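Participant: Below: one structure in structure tokens.
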Amino acid sequence: MLVSWKWLQEYVTLNVSHAELTQRLMMAGLNHESTEAAGADFCIDLEITSNRPDCLGHIGVAREAAVLLGEKLKVPKPEPKTAGEAIEKSVKIQIDAPELCPRYSARLIRGVKIKPSPAWLVERLQTIGQPAINNVVDVSNYVLMECGQPLHAFDFRKLAAGQIIVRRAKNEEQFPAIDHKTYTLTSDMCVIADAERPVALAGVMGGAETEVTATTTDVLIESAQFAPLAVRGASRKLKLASDSSYRFERGTDPAGVDWASLRACELILQLAGGELAPGVIDLGPKVPAPQPIVLRLSQLKRILGIEIPAQEVERILAALGCGISETSAASLTALPPPWRRDLTREIDLVEEAARIHGYDKIPEDIGVPMAPSHKSDHDRVLQKVRHTMTAAGFDEALTTSVVSEAWSSAFSPWTHAAPLVCNQPMLKGADRLRRSIVPSLLESRRLNESLGCDSSQLFETARIYLPLENSLPHEQWSLAAVSGHDFLTLKGVVESVLARVNPTLRLEVVEYRHPMLVADHAAELRVAGQRFGYLGKLSPAGLKQFGLRREATIVEFDLGALVPLAVLTPHYQTQISFPAIARDLNLIVDEPLRWSQLAGTVQAAAGERLQGISYLDTYRDVEKDGAGKKRLLFSVQLRSAERTLTGEEADQIIQRIVDSCQTKFGAKLLG
């Protein structure tokens, strides 16, 4: 934000040097970049953070200076005189895209005379690097830099049918801008149109066909509020930035919309003559009522470590524009001004009091009481998962959230919706928000292989972006891992993660097919009957696609799904003191039968005395068993909580298992 030293003094008395003022402002949060002489003036460059758009105008900076120096803020009260026919008889305005433009207001001035601006106005603008154009355009720029509310002046006679329509742009619609370049628009942009064509790109730049020129006699003054995201998107997509778009992107003061319009009309009447039509067309909701914030005065001592007198706190907040509705010995209630949307919580008021009172008044060795806190469930689950993964020999990786189109399309099991595309990619060729972490980890494994580290095992926890129709994407918190171990080993790691988070969780696998994975070494993972993730061994085509020389297995699962299922407080369970009986079974089954199906049947047949079931091996002997058959070797562990099982009881349970598998799958016990 460029500030004119002389201009600033119109709103606040400055009995200090510009060097002292910038020092005070810097200590209060407005960082000082530089100060340069500009003729008889000084141009001060301040860094304004994105949460303080109220300081993107001279009045906002003057307010900060006034409260810091204990001076009174002087804000002009515009009261332009009106004459002639009411604006409603000449102008028609409608908002067809309220989600992009919640509020639009306009005033009409007839009979202006376009000429060069007076010296004082030219000097003000030139000090902050703004070129002088003509008296009407210069007034709109002056008011923008005065209060931070962008305005636009239309040549009213060039507006078809005297109509303003705020709407979405049409795809491929052409827009000739004031910079004399023609831009191709898309439907996610907002335009100000007349009855025939777009005449301005909302919040960014006006159009060449309705700009104010030497022949202009009637001027329509626009003052509006536009959706920050829409303005930012249009500005970035078209590579078209302006002082207006910079402010709309950060949000403008809703109470400043009408003030800026009146101020501009008053100055235009003074500098260009004409008559202001009575009335104003102001569409959209009015300024919302502020929500009260209670500040407990004891919090100042607890958080800052120092006492700030209650009278000083009240003075600071009132000078910053807050309304003080209630006060007591223990607290006060403040109503934040509309230009300070960053004031929503008690701690925000504590910060305001601290920065204006002076951070330098807080001793370095002051004792600040510490309050105990606890980790969120999210963090506790992540800690358990990280511990399990690192104990299993994995190293944590960190990769970017944007990938190339090839990587994005290579593996996206969670959704078939097209990925979100960045208008301005951070990395060359990487412009898709990833729908899976797996491609990024495979590239990391390839880099490790190229450096001779063939045994790298990597995992990453991050959010993936799953597009939703007419909404923001679902940001799924996921974990992905890549390993040189086989399918069953990585499956065991996932089971270990589940056991660490909740010992009662059981991993289910169902058939899954993907061109990048080996057909009989790929599975969709489920927990509690819900889709949980994907596991598979890379096929030769998959290895080639990512430039890998050695075999690799991948897994990706929904880490966020574990949070509500997690058992974060350990519970004691009495250990069974009676010995277990282990029996190995070797069943001949049909080739299509999956281990998960057989295991479920074994668990149901064995009942409550089944302590565990372990897969051992799969073996095929076409000569002895015939084509389409395989042998599944597994072990069952049986135990009773009341007494030692006898051999006969164990034999009965085993027989039930065999009978059930034979009935359901046609299995045959070998041996």
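Participant: Would you point out the residue of the range 546-592, among those that are assigned to a loop (DSSP other than H, G, I, E, B), of a type outside the set (V, I, T) and touching a strand residue (DSSP E or B) at 6+ places or on another chain (Cβ under 9 Å), that is surrounded by the fewest Cβ atoms within 10 Å (Cβ to Cβ)?
Facilitator: Result: E591.
Participant: Something else now. Within the range 441-459, count every residue that is modelled with pLDDT under 90 and in a helix (DSSP H, G or I).
Facilitator: Of the residues in that region, 0 qualify.
Participant: Let me ask something else. State which residue is surrounded by the fewest Cβ atoms within 10 Å (Cβ to Cβ) when the search covers only the range 176-188 and only residues that are over 24 Å from R250 (Cα atoms) and of a type in the set (S, T, Y).
Facilitator: T182
Participant: May I pose another question? Which one of these is farther than 23 Å from A552 by Cα and among the small types (G, A, S): S483, S456, S496, S471?
Facilitator: S471
Participant: From the residues in the range 157-184 that are closer than 19 Å to P98 by Cβ and not polar (S, T, N, Q), which one is farthest from the chain's Cα centre (by Cα)?
Facilitator: My answer is I164.
Participant: Looking at the range 282-298, can you tell me whether even one residue there is outside any loop (DSSP other than H, G, I, E, B), within 30 Å of T82 (Cα to Cα) and among the hydrophobic types (A, V, I, L, M, F, W, C)?
Facilitator: Scanning the range 282-298 turns up at least one residue that is outside any loop (DSSP other than H, G, I, E, B), within 30 Å of T82 (Cα to Cα) and among the hydrophobic types (A, V, I, L, M, F, W, C).
Participant: Being of a type in the set (G, A, S) and crowded, with 24+ Cβ neighbours inside 10 Å is the filter here, so list the residues in the range 207-235 that pass it.
Facilitator: Of the residues in the range 207-235, the ones of a type in the set (G, A, S) are 207-208, 214, 223-224, 227, 230, 233-235.
Listed by number, the residues that qualify are S223, A224, A234.
Participant: I'd like the full set of residues that are among the hydrophobic types (A, V, I, L, M, F, W, C) and either without any contact (Cβ under 8 Å) to a residue 60 or more places away in the chain or surrounded by 20 or more Cβ atoms within 10 Å (Cβ to Cβ) (or both), limited to the range 243-258. Break it down stepwise before answering.
Facilitator: Just the residues of the range 243-258 that are among the hydrophobic types (A, V, I, L, M, F, W, C), to begin with: 248, 255, 257.
Within the range 243-258, F248, V257 qualify.
Participant: Output the residues belonging to the range 480-505 that are part of a loop (DSSP other than H, G, I, E, B) and crowded, with 16+ Cβ neighbours inside 10 Å.
Facilitator: G484, H485, N502, L505
Residues checked against (1) under 30 Å from S17 (Cβ atoms); (2) modelled with pLDDT of 95 or more:
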{"position": "G70", "(1), (2)": "yes, no"}
{"position": "S90", "(1), (2)": "no, no"}
{"position": "Q94", "(1), (2)": "no, yes"}
{"position": "Y104", "(1), (2)": "no, yes"}
{"position": "R110", "(1), (2)": "no, yes"}
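Participant: Here's something else I'd like to know. Just give me the residues in the range 342-385 being surrounded by 11 or more Cβ atoms within 10 Å (Cβ to Cβ), in a loop (DSSP other than H, G, I, E, B) and hydrophobic (A, V, I, L, M, F, W, C), in sequence order.
Facilitator: L343, I362, V368
Participant: Have a look at V191, V122 and point out the one that is surrounded by 22 or more Cβ atoms within 10 Å (Cβ to Cβ) and out of contact with any His (no Cβ under 9 Å at 6 or more places or on another chain).
Facilitator: Numbers: V122 fails: surrounded by 22 or more Cβ atoms within 10 Å (Cβ to Cβ).
Testing whether each residue is surrounded by 22 or more Cβ atoms within 10 Å (Cβ to Cβ) and out of contact with any His (no Cβ under 9 Å at 6 or more places or on another chain) leaves just V191.
Participant: Follow-up. Looking at (1) of a type in the set (D, E, K, R); (2) assigned to a loop (DSSP other than H, G, I, E, B); (3) in contact with a Leu (Cβ under 9 Å, 6 or more places away or on another chain), which is the only condition D45 fails?
Facilitator: Every condition holds for D45 apart from (2).
A quick yes/no check of all residues on (1) out of contact with any Ser or Thr (no Cβ under 7 Å at 6 or more places or on another chain); (2) touching a residue at least 12 places away in the same chain (Cβ under 8 Å); (3) surrounded by 17 or more Cβ atoms within 10 Å (Cβ to Cβ):
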position	(1), (2), (3)
S261	no, yes, yes
C265	yes, yes, yes
A272	yes, yes, yes
V280	no, yes, yes
P285	yes, yes, no
Q291	yes, yes, no
K301	yes, no, no
T327	yes, yes, no
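Participant: Show the residue pairs meeting these rules: Cβ distance below 6 Å; 6+ apart or different chains; first residue within the range 109-122 and farther than 25 Å from P278 by Cα; second residue part of a loop (DSSP other than H, G, I, E, B).
Facilitator: That search, which allows pairs on different chains as well, returns S117/A132; V122/A132.
Participant: So, restricting to strands (runs of 3 or more DSSP E) that lie completely within the range 150-212, which ones have at least 2 residues that are free of Cβ contacts under 8 Å to residues at least 60 places away in the same chain and within 24 Å of R263 (Cβ to Cβ)?
Facilitator: 198-201
Participant: Are any residues in the range 33-51 closer than 26 Å to P336 by Cα and either in the same structural domain as I268 (by TED's automatic domain parsing) or crowded, with 18+ Cβ neighbours inside 10 Å (or both), and if so, which ones?
Facilitator: Our first condition is that a residue be closer than 26 Å to P336 by Cα; within the range 33-51, this holds for 46-51.
Within the range 33-51, L46, I48 meet the criteria.
Participant: Right, something else. Would you check if K113 is over 26 Å from Q163 (Cα atoms) and in a loop (DSSP other than H, G, I, E, B)? Outline the logic, then answer.
Facilitator: On the way: over 26 Å from Q163 (Cα atoms): no; in a loop (DSSP other than H, G, I, E, B): yes.
Against the criterion (over 26 Å from Q163 (Cα atoms) and in a loop (DSSP other than H, G, I, E, B)), K113 does not qualify.
Participant: Considering (1) closer than 16 Å to E99 by Cα; (2) free of Cβ contacts under 8 Å to residues at least 24 places away in the same chain, say which one K239 fails and leave the rest.
Facilitator: With respect to (1) closer than 16 Å to E99 by Cα; (2) free of Cβ contacts under 8 Å to residues at least 24 places away in the same chain, K239 is out only on (1).
Participant: Quick check: is even one residue across the range 489-510 in the same structural domain as H387 (by TED's automatic domain parsing), closer than 30 Å to D188 by Cα and of a type outside the set (S, T, Y)? So that I can check it myself, show each step before the final result.
Facilitator: So the first thing to find is which residues in the range 489-510 are in the same structural domain as H387 (by TED's automatic domain parsing), and the list is 489-510.
Cutting the leftovers down to closer than 30 Å to D188 by Cα gives us none.
Checked the range 489-510: no residue is in the same structural domain as H387 (by TED's automatic domain parsing), closer than 30 Å to D188 by Cα and of a type outside the set (S, T, Y).
The values are calculated or read from the model by the stated rules, or taken from the named source; none is laboratory data. Nothing here was measured: the structure is a model prediction, and the numbers come from that model. No Cβ is skipped: glycine too gets one built from the backbone with ideal geometry, and neighbour counts run over all protein chains shown.
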